[in-house]
Amino acid sequence: MSVDKQPPDPSDAFPERAPAPAAPPLADRANILIVDDRDDKRMAMQAIVADLGENIVMASSGKEALRRLLHDEFAVILLDVNMPGMDGFETAFIIRERKSSEHTPIIFVTAVNDTETHVSRGYSLGAVDYILTPVLPEVLRTKVSVLVELYKKNRLLKRQAEHLRQGRDELELRVKNRTAQLADANEALREEVTARQQAETELRLLNLELEQRIFERTSQLAASNQDLEAFTYSVAHDLEAPLRQIQGYAEIMEEEFSSLLPPEAKQYLERMRLRSENMRLMLEDLLNLSLIGKQELKRERTNLNVLVNDVAATLKADNSSRQIEWKIDDLPVVACDPGLMKLVFTNLLSNAVKYSRLRQNAVIEVGQEAHGDEVSIFVRDNGVGFDMKNADRLFGVFQRLHRTEDFEGTGVGLAIVARIVRKHGGRVWGQAAPGKGAVFYFTLGGTMPEPGNGTISAIAKS
Amino acid sequence: MLMADDSEDDRLFLRIILKGNPRLALVGEVSDGEEAIAYLSGAGQFADRERFPYPDVMFLDLKMPRRTGFEVLGWLRTQSFEKPVVIVVSGSLLPEDAPKSLALGAAAYHRKVMLKQERDALFREIEESLAARGNGRSAAQSAS
């Protein structure tokens, strides 16, 4: 700041006052310290800067000024140089020593004639300016206003910086919190994933264990089945010889001693013979049945029509006296065991012939039918049929749904059919109504062609 | 005729059947394969060919203890002396037994079913086999 050396301009005696700015609100006001030992000079200076509307604090000595400076921050200090006791410069020196006021602008108020000394003593303190008495109000006001302005700007900047710092701290805190939250969430997620993976592994192990157990159980069952079949075979086989011998003795008795036997005795012997023969047939059937299980299934491309025609021809010849209409449709070519399949048709067709014995005009049909996406073969007759409520006994061994007096048989034919069909991986079922004939369907598992197509579409599993 | 069967009842039945044909004389009955071989080779007590003449025809059961019918057939093939006509008479239902018996040198294979059915067929086969071999032979030579 420059020292004002020029004498006051007469034309400035009554300077036009710039319109005073509106007084700032209380909180925005800056503090101005006026230090002078003389009341009048103090009052005069106060009057001049009062227009600025800032907060004016007065001190009448260096000491008092210092005291004031302890309590508050000031935008500018107007400091009289000539004061008793501690003069302006000494006061200023101490002011500068305090951290809180080391940069507070000081305007020394001094008389013109002391300029050189004052200037040299003052400048070393930094941030000083001089104003010469008599004070030109406008000059004083301008200088103070500039410094107040500067102070306020600084203050604003500091506040803004503080806000910024606070904001940044807050943000950092929030970021830290959010990071902590995320870390927690991550941790929780990681734990969940681990738990999930563990559960998966456990499940997989359990599945494997289950599959292993199923495999074992299936093998056990298969072995058990084989045992059962072998047992059936050996029992049937062992029962044959003594049975045959019983029959033999009955025959010998009839032959050798018929003249000695009363008619009832001969009758009893005959019954014995018949029953023994019946039992022998059952054993033979049982043996055949158990042998089917033992056999290896050998699959060949088989024309079912050829098989059926073969079986039908034999039956026609054996039943030439009967009126039977044979309706044999086109059947597919399948991969199956021809020998066993022939047995299936033999049993089904001879059953059809047998149970339609009471019909004047028996009709036997053989054909193929689609069931969903499977093709099945059927054999239908218009014979005596059976009651569906007994259907679950149809394929049982030695299970008969008719009296032996009406229709002979051991009740093994359908059991044989069922076993062969199941060995091929297929299903067999029957439908009937009493007096309305019966139809038997069977599928052969993976060897059956697609509906509407007469050739193999898939080669059977080995 | 020599009969080899481990079942007393079956031997009885066969005996009764053979009674019906005067041309056939039952000269011996053995109850297991080893005895059959002993008889044919004239070993032990069977060296006495007066009491145990060498047979023209042998009825052979398959299922016997100590040596089975198949083993006897096998043994016979290794022998150089004149072999009897062997008729395998078996209670088994196994389909492979018939061809196997014939392959091992049996002249015929019969299942043991009821007497009446067996009889005529049996006699016929015996006659045929003997004729093929040349019958009217006298007692068998004794084995060395």
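Where a number appears in this text, it was derived from the coordinates with a stated rule and is not lab data. For clarity, every value in this text was computed on a predicted model and none was experimentally measured. Here Cβ is always computed from backbone atoms with ideal geometry, including for glycine, and neighbour counts include all displayed protein chains.
Output needed for chain A: three equivalent-ellipsoid semi-axes, defined as square roots of 5 times the C-alpha gyration tensor eigenvalues, in descending order, whole Å.
Output for chain A: semi-axes of 138, 25, 18 Å.
In a solvent-free Debye calculation with one equal scatterer on each Cα, what is log10 I(q)/I(0) for chain B at q = 0.09, 0.10, 0.12, 0.16 Å⁻¹, listed in the order of the q values?
-0.24, -0.29, -0.43, -0.81
Bin by bin, in steps of 5 Å, what percent of the Cα pairs in the stretch A:277-365 do you find, going until the bin that has the longest distance?
Cα pair-distance distribution for the stretch A:277-365, in percent: 3, 12, 20, 19, 18, 15, 10, 3, 0.
What is the distance, in nm, between label points placed 7 Å from the Cα along the Cα-to-Cβ direction at A:Ala161 and at A:Asn305?
In this crude spin-label approximation the distance works out to 10.8 nm.
Could you give the angle, 0 to 90 degrees to the nearest 10, between helix A:62-71's Cα long axis and the longest principal axis of the Cα atoms of chain A?
Between helix and principal axis, roughly 10 degrees.
How large is the direction-averaged shadow of the alpha-carbon convex hull of the stretch A:297-447, in nm²?
Over all viewing directions, the stretch A:297-447 projects a mean Cα-hull area of 8.5 nm².
Can you compute the modelled spin-label distance between A:Ile328 and A:Leu260, with each label point 7 Å from Cα toward Cβ, in nm?
Spacing of the two 7 Å Cα→Cβ label points: 5.5 nm.
In the stretch A:366-449, what is the volume of the convex hull around the alpha carbon atoms, normalised per residue and reported in Å³?
About 94 Å³ per residue, rounded to a whole number.
Once the dipole of the stretch B:2-131 is set up with Lys and Arg at +1 and Asp and Glu at -1 on Cβ about the Cα centre, which of B:Gly42, B:Val85, B:Val30 lies farthest towards its positive end?
Toward the positive end, the furthest listed residue is B:Val85.
How large is the direction-averaged shadow of the alpha-carbon convex hull of the stretch A:23-135, in nm²?
Taking a quarter of the hull surface, the average projection is 6.7 nm².
Given 20 °C and 1.002 mPa s, how large is the Stokes-Einstein diffusion coefficient of the stretch A:84-238 in µm²/s, with Rh as the Kirkwood radius over Cα pairs?
Estimated diffusion coefficient is 85 µm²/s.
Whole-Hz ³J(HN,Hα) for each residue in the stretch A:51-61, computed from phi via Karplus 6.51 cos²θ - 1.76 cosθ + 1.60 with θ = phi - 60°, x for glycine and proline: what do you get?
Working through the residues one at a time gives 4, 5, x, 8, 8, 9, 10, 10, 9, 9, 8 Hz.
For A:Ile328, what residues show an amide H to amide H distance below 5 Å, using hydrogens built from the backbone and excluding near sequence neighbours?
A:Val366
Report the local net charge at A:Asp381: Lys and Arg +1, Asp and Glu -1, summed over other residues whose C-beta lies under 11 Å from its C-beta.
With Lys, Arg at +1 and Asp, Glu at -1, the neighbours total +4.
Tell me the net charge near A:Met43. Cut-off is 15 Å between Cβ atoms, A:Met43 excluded, with +1 for each Lys or Arg and -1 for each Asp or Glu.
-3
Dividing the Cα convex hull volume of the stretch A:186-320 by residue count, how many Å³ per residue is that?
With only Cα atoms used, the stretch A:186-320 gives 235 Å³ per residue.
Between B:Met64 and residues 5 or more places away or on another chain, which pairs have amide H atoms under 5 Å apart, with H built 1.01 Å from N, and which residues are they?
HN-HN under 5 Å from B:Met64: B:Gly69.
Identify the chymotrypsin sites (Phe, Trp or Tyr not before Pro) of the stretch B:3-97 meeting these criteria: DSSP loop state and at most 16 other C-beta atoms within 10 Å of the C-beta.
Filter output for the stretch B:3-97: B:Phe81.
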